[in-house]
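Let me begin by presenting the structure, written as structure tokens, before commenting on it.
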């Protein structure tokens, strides 16, 4: 199951897993275990939700992470 970062219009990016990449004729994207890139819950989704469906018209682009590298996401850190 590929891990992706989904960029949605006017929202923070969402990290999650998808069954397969969308095909040219698809209109929705189903994301399992949606969370922020730092692993925290998304403010606009109930914490108990495990699967979210977005229309692809709201998705700006999708980043596909190489297998096993989802734990190595670098975020901005202030020291």
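Got the relative contact order for the range 3-72 handy, in percent, Cα pairs under 8 Å and 6 or more residues apart?
Once normalised by length, the contact order is 39 percent.
Starting from 0.36 nm per residue, how many nanometres of slack lie between residue 27 and residue 58 once their C-alpha separation is accounted for?
Difference between extended and current length: 10.2 nm.
Sorting 3, 51 on the 10 Å Cβ count, fewest up front, what's the list?
Ordered by Cβ neighbours within 10 Å, fewest first: 51, 3.
Pull out a ≥ b ≥ c, the square roots of the eigenvalues of the alpha-carbon gyration tensor of the range 11-50, then state rounded if a/c is under 1.5, prolate if not and a/b is larger than b/c, and oblate in the remaining case.
Judged from the Cα gyration tensor, the range 11-50 comes out prolate (a/c at least 1.5, a/b above b/c).
Taken together, the values in this text are just the output of simple stated rules run on the coordinates, not laboratory data. Please read these numbers as outputs of a predicted model, since none were measured by experiment. In this analysis, Cβ positions are derived from the backbone assuming ideal geometry, glycine residues included, and neighbour counts consider all displayed protein chains.
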